Amino acid sequence: MKLILSCEHGGNEIPAKYLPLFEGQEASLQTHRGYDPGTLDLFEYLKSLAVFGKSNVLSRLLIECNRSLHHPKLFSEITKDCTQETKDQLIETYYLPYRNALVEAIEKEIRSKNTVLHISLHSFTPQLSGKIRNNDIGLLYDSKRKEEKQFCEKLKLQLKTENKNLKIRNNYPYLGNADGFTSFLRKKFKNNYIGIELEINQALVTENKFPKQLKLQLKNTLSLLIS
């Protein structure tokens, strides 16, 4: 099993040419709507385990790299009214290069007869629309894919061995088969692909970093499971 890491919402950067679109929206870039706090730090911490890893540091409010091209929220409320030319530029310059690099890395491993474990790193706001999310970690997968379900069972068990106090839930706070990069990749790679979204509660983040102990627990767990 070969680990490939991705981080779709690692940062909230906006290229200079698009900054005028975000005048008056600077505060939104600093929230969970602008990026996934903690994930870029975790990506850097774990990437030595992976045969390939890629992170995106552009804000999801510019273009949403975790959505399909047909998805109505590919562009945010800030960019949805841009010209088609601007939207095409964003797709060609940022969206496709990011996703295509990961597709090519996965194809390479599968051609070499390896099974790919793709971990997509995310974090979630602890409260949304007045509802409290009461877990530390969410493991998102397609319940119809036996390999993904079995892997998440092992992942949860081993994480609990590392830290029995972790609150871990399956397919929460989102469903693993909803539109996303892993869903797209499952359709493309019917076999030898295991796609898991690892969601961690942003309540655990301090200064855009997760606790060292939690990062070590995750690293120890993944090291064991891919060995």
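The values are calculated or read from the model by the stated rules, or taken from the named source; none is laboratory data. Everything numeric in this text was worked out from a predicted model, so none of it was measured. Because the Cβ atoms are built from the backbone with ideal geometry, glycine has one as well, and the counts that use them run over all protein chains shown. Please note that ligands, DNA and RNA were not included when accessible areas were found on the heavy atoms of the full protein model with its side chains. Shrake-Rupley method; radii C 1.70, N 1.55, O 1.52, S 1.80 Å.
Which residue out of 18, 45 is within 23 Å of residue 204 (Cβ to Cβ) and among the hydroxyl-bearing types (Ser, Thr, Tyr)? Result of the check over 18, 45: 45.
Taking residues in the range 30-46 that are under 16 Å from residue 209 (Cβ atoms), and partners anywhere that are assigned to a loop (DSSP other than H, G, I, E, B) and hydroxyl-bearing (Ser, Thr, Tyr), the pairs with Cβ atoms closer than 8 Å and at least 6 places apart or on different chains are 32/125; 35/59. The single condition among (1) free of Cβ contacts under 8 Å to residues at least 60 places away in the same chain; (2) part of a loop (DSSP other than H, G, I, E, B); (3) closer than 22 Å to residue 184 by Cβ; (4) open to solvent by 50 Å² or more (accessible area, probe 1.4 Å) that residue 67 does not satisfy is (1). Please determine whether any residue of the range 92-112 is open to solvent by 30 Å² or more (accessible area, probe 1.4 Å), outside any helix (DSSP H, G or I), in contact (Cβ under 8 Å) with a residue 60 or more places away in the chain and touching a strand residue (DSSP E or B) at 6+ places or on another chain (Cβ under 8 Å). Scanning the range 92-112 turns up no residue that is open to solvent by 30 Å² or more (accessible area, probe 1.4 Å), outside any helix (DSSP H, G or I), in contact (Cβ under 8 Å) with a residue 60 or more places away in the chain and touching a strand residue (DSSP E or B) at 6+ places or on another chain (Cβ under 8 Å). A single member of 121, 74, 155, 62 is in contact with a Gly (Cβ under 9 Å, 6 or more places away or on another chain), under 29 Å from residue 210 (Cβ atoms) and either open to solvent by less than 60 Å² (accessible area, probe 1.4 Å) or part of a loop (DSSP other than H, G, I, E, B) (or both), and it is 121. Condition (residue is under 30 Å from residue 97 (Cβ atoms), open to solvent by less than 40 Å² (accessible area, probe 1.4 Å) and of a type in the set (Ser, Thr, Tyr)) applied to the range 167-182: is it met by at least one residue? Within the range 167-182, one or more residues are under 30 Å from residue 97 (Cβ atoms), open to solvent by less than 40 Å² (accessible area, probe 1.4 Å) and of a type in the set (Ser, Thr, Tyr).
From the set of residues in the range 30-46 that are closer than 16 Å to residue 65 by Cβ and part of a loop (DSSP other than H, G, I, E, B), which is most open to solvent (accessible area, probe 1.4 Å)?
In the first step, residues of the range 30-46 are kept if they are closer than 16 Å to residue 65 by Cβ; the result is 32-36, 39-40, 43.
Remaining after also requiring part of a loop (DSSP other than H, G, I, E, B): 32-36.
Details: 32: 64, 33: 87, 34: 0, 35: 31, 36: 5 Å².
It comes out as 33.
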